[in-house]
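Note sheet for the following structure.
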Amino acid sequence: MRAPLPTSAPARASSVAELTIRWPDEAVGRVETAKARLAGARDHLLQRPHAEIVDVVGRVLEAFRDPSTGYGVKLVRAVADAGAFSRPCIERGLSLALDAWDGDALRALVELELAPAFRAGRRLRPFAATAVVLGGGIPMPSLVACLTPLLVRSPVLAKTASRDRVTAHLLADCLRAEDAELGACLAVLDFEGDEDAALTAFLDAPCVVASGSDATISALASRLAAHQRLVAHGHRFSLAVVDAGSVDDLEGAAGAVALDAALWDQSGCLSPVCVHVVGGGPTSAARFARALSRTLAQLADEMPRSAVEPAVAARIRNERDEAAMRAAAGRDVEVFAASDSAWTVVREDEPGLRPAPLHRFVRVHPVSDLAHWAAALAPHARHLSTVGLAASPARAGRAAELAVQLGASRICELGRMQAPRLDWPHDGLNVLGSLAAWAGVEPGGGTASA
């Protein structure tokens, strides 16, 4: 239930000093203060030339691209200090993911999604505000979620995720430093999801963008009215497919999968939870699993995995022990593992998916052909995000076609699973088009009737 609000609350305010109201709940007060400031800044966003907004946002993205300079250094340091990932893992992950996120890529995204609508005579109807509920602990999605509404002229109120309290705040600092007026159009707040009154006030926006588990998304959706736009990104998983019959360098493909799994400790929706080795039978799958284990062991030294909770370590041990028991019972299963829980590879003897403890735990499944791969994946397809693919050009097209039919929103080369393009239609949604309302102006619609 919404906390009672003073009837004298101003609709706008240009500075914190103007907001002298005492709210009954401290977190609600912070939310309402931020909303009032965004309302005051909205006119600038509506009147600013669109090309200038795109240029500023592009410069902000570029400020984070290099993890050895400027805001890149600050982001590495802040995420490392939070303790979720080792510093080498953060540096390598950011360097790979942000390398192509620059002004040119941003302008290409605008040209792809917005320019055709403008040329067709459609008019943009920006939402008065966009509330962004950030989820997860990886920095890149927070950068995109907080910046993209600005490109459709909607001010942003962002709630940080409990696993990442730093990225959005650092982004807001960078935006203000680059352009104070545009920086006033992004407000970042920290409060817990169980602070019900604050969450109700926060979600009182015409557009809500949310990332999290399916349960989190469902709970948020139940709090919204029918007229509110919800852009939701729920539970997703990714996997790799290697066509052993057409890939010359099977060990190289294994090394690329190892990097995809090790980055961000396999904790994001783009991390491969398993690999299907198509063709070649158990021999190819075994060869791939051994090569994968060697590279994961090497990466454990180069960019160590962060410590895990005892419950997570217990799940990893249980899945290792379960696989070993199946092997002891005569199944054609192998377990390759570090002496601790740092990495695990299980070579399975059938294509069906099994539980994935994550934290650098990868299963390798043999599958006779792509049709059987698609059949094995079908029960889980609604949660599919990205398919990393290694196949010859002659055979890659069929694999990509099946992946799209199953519901994948992205197909990419191995070693690039953690580096999506800016224009990736996450969960099948347009990056910018889903964040705005549109009006069609038909011929003669802008003139007076005879």
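When the helices (runs of 4 or more DSSP H) confined to region 80-146 are screened for residues that are among the charged types (D, E, K, R) and touching a strand residue (DSSP E or B) at 6+ places or on another chain (Cβ under 6 Å), none reaches at least 2 such residues.
Does Ala439 qualify as being surrounded by fewer than 17 Cβ atoms within 10 Å (Cβ to Cβ), among the aliphatic types (A, V, I, L, M) and outside the structural domain of Asp248 (by TED's automatic domain parsing)? Walk me through it before giving the result.
On the way: surrounded by fewer than 17 Cβ atoms within 10 Å (Cβ to Cβ): yes; among the aliphatic types (A, V, I, L, M): yes; outside the structural domain of Asp248 (by TED's automatic domain parsing): yes.
So Ala439 passes the test.
Scanning region 147-169 for residues that are under 17 Å from Phe191 (Cα atoms), part of a helix (DSSP H, G or I) and either of a type in the set (Asp, Glu) or in contact (Cβ under 8 Å) with a residue 24 or more places away in the chain (or both) turns up Thr167, Ala168.
In the condition set (1) assigned to a helix (DSSP H, G or I); (2) under 22 Å from Cys146 (Cα atoms); (3) polar (S, T, N, Q), Gln418 is compliant with all but (1). Of all residues in region 427-446, which are in contact with a strand residue (DSSP E or B) (Cβ under 6 Å, 6 or more places away or on another chain) and outside any loop (DSSP other than H, G, I, E, B)? Within region 427-446, Asp427, Ser434, Ala437, Trp438, Ala439, Gly440 meet the criteria.
In region 70-120, the residue that is surrounded by the fewest Cβ atoms within 10 Å (Cβ to Cβ) out of those that are of a type in the set (Gly, Ala, Ser) and in contact with a Gly (Cβ under 7 Å, 6 or more places away or on another chain) is Gly103.
Per this entry, Arg305 is counted among residues that are in a loop (DSSP other than H, G, I, E, B) and among the basic types (Lys, Arg). Among the residues of region 318-341, is there at least one that is buried (at least 19 other Cβ atoms within 10 Å of the Cβ), touching a Pro at 6+ places or on another chain (Cβ under 8 Å) and not acidic (Asp, Glu)? No - not one qualifying residue is present in region 318-341. Screening Ala108 with (1) at positive phi; (2) out of contact with any helix residue (DSSP H, G or I) (no Cβ under 7 Å at 6 or more places or on another chain) gives one miss only, at (1).
When Thr33 is tested against (1) without any contact (Cβ under 8 Å) to a residue 40 or more places away in the chain; (2) farther than 20 Å from Ala172 by Cβ; (3) in a helix (DSSP H, G or I), exactly one condition is not met: (2).
Here is a check on your reading of the model: is Asp196 surrounded by fewer than 22 Cβ atoms within 10 Å (Cβ to Cβ) and without any contact (Cβ under 8 Å) to a residue 60 or more places away in the chain? In short, no.
The values are calculated or read from the model by the stated rules, or taken from the named source; none is laboratory data. It should be emphasised that the depicted structure is a prediction, and the values quoted were computed from it without experimental measurement. A quick note on method: Cβ atoms are made from the backbone with ideal geometry, for glycine too, and the neighbour counts reach across all protein chains shown.
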